[in-house]
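First up is the structure itself, then whatever we jot down about it.
The values are calculated or read from the model by the stated rules, or taken from the named source; none is laboratory data. Quick caveat: nothing in here was measured; it's all calculated off a predicted structure. Here the Cβ positions follow ideal geometry from the backbone for every residue, glycine too, while neighbour counts run over all protein chains shown.
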Amino acid sequence: MKILTGSRGDEVHEHLYENGQRRVGHRILKKNTVTNNGEFHPVPGNIVLIPLKGTVKLTTPDQECTIKNGQLAILGPTDSFYLTAIDDVEFVGVKGGDKMQVYGGLKM
């Protein structure tokens, strides 16, 4: 077992864990921050975005949705996206392998 603790601060973008195709990223964004200057960023594999605090808007070329604590978004390797912090927001992104797997009923 590993216990991971992220950095604190106004703007954080870090990888807490990386092993092969698995990665756990941690981000903190101030309200109204838009990632990648509003340009679409390719998804580096199958990713689950999990907000820990605040609300974040997820924009893809095909849709826009808002997620907050208690929700998650699943993106595939063919997606691209950028994020907009509706509030001060903190979230983790979990990147899996190339194969889709099912954990607790959630398809990742």
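Scanning the stretch 20-59 for residues being within 13 Å of the chain's Cα centre (by Cα) and not small (Gly, Ala, Ser) gives a total of 24. State whether one or more residues within the stretch 90-104 are modelled with pLDDT of 95 or more and not in a strand (DSSP E or B). Scanning the stretch 90-104, I find no residue that is modelled with pLDDT of 95 or more and not in a strand (DSSP E or B), so the answer is no. Taking the stretch 52-86 as the search range and keeping residues that are modelled with pLDDT of 95 or more and assigned to a loop (DSSP other than H, G, I, E, B), which one is nearest to Arg22 (Cα to Cα)? Within the stretch 52-86, the match that is nearest to Arg22 (Cα to Cα) is Gly54.
Scanning the stretch 6-49 for residues that are among the basic types (Lys, Arg), under 20 Å from Lys68 (Cα atoms) and in a strand (DSSP E or B) yields a count of 1.
Hey, any hits in the stretch 63-80 for a residue that's touching a His at 6+ places or on another chain (Cβ under 9 Å) and either surrounded by 11 or more Cβ atoms within 10 Å (Cβ to Cβ) or free of Cβ contacts under 8 Å to residues at least 40 places away in the same chain (or both)? Explain how you work it out, then say what you get.
Within the stretch 63-80, the subset touching a His at 6+ places or on another chain (Cβ under 9 Å) is 80.
Narrowing the set further to residues that are either surrounded by 11 or more Cβ atoms within 10 Å (Cβ to Cβ) or free of Cβ contacts under 8 Å to residues at least 40 places away in the same chain (or both) leaves 80.
Within the stretch 63-80, one or more residues are touching a His at 6+ places or on another chain (Cβ under 9 Å) and either surrounded by 11 or more Cβ atoms within 10 Å (Cβ to Cβ) or free of Cβ contacts under 8 Å to residues at least 40 places away in the same chain (or both).
Close Cβ contacts (under 7 Å, 6 or more residues apart or on different chains) running from residues in the stretch 40-57 that are of a type in the set (Phe, Trp, Tyr) to residues that are assigned to a strand (DSSP E or B) comprise Phe40/Ser80; Phe40/Phe81; Phe40/Tyr82. Kindly list the number of the only condition in (1) exposed (fewer than 15 other Cβ atoms within 10 Å of the Cβ); (2) in contact with a His (Cβ under 8 Å, 6 or more places away or on another chain); (3) of a type in the set (A, V, I, L, M) that fails for Val24. Failed condition: (1). Inspect the stretch 20-38 for any residue being without any contact (Cβ under 8 Å) to a residue 60 or more places away in the chain and among the hydrophobic types (A, V, I, L, M, F, W, C) and give the result as yes or no. There is at least one residue in the stretch 20-38 that is without any contact (Cβ under 8 Å) to a residue 60 or more places away in the chain and among the hydrophobic types (A, V, I, L, M, F, W, C).
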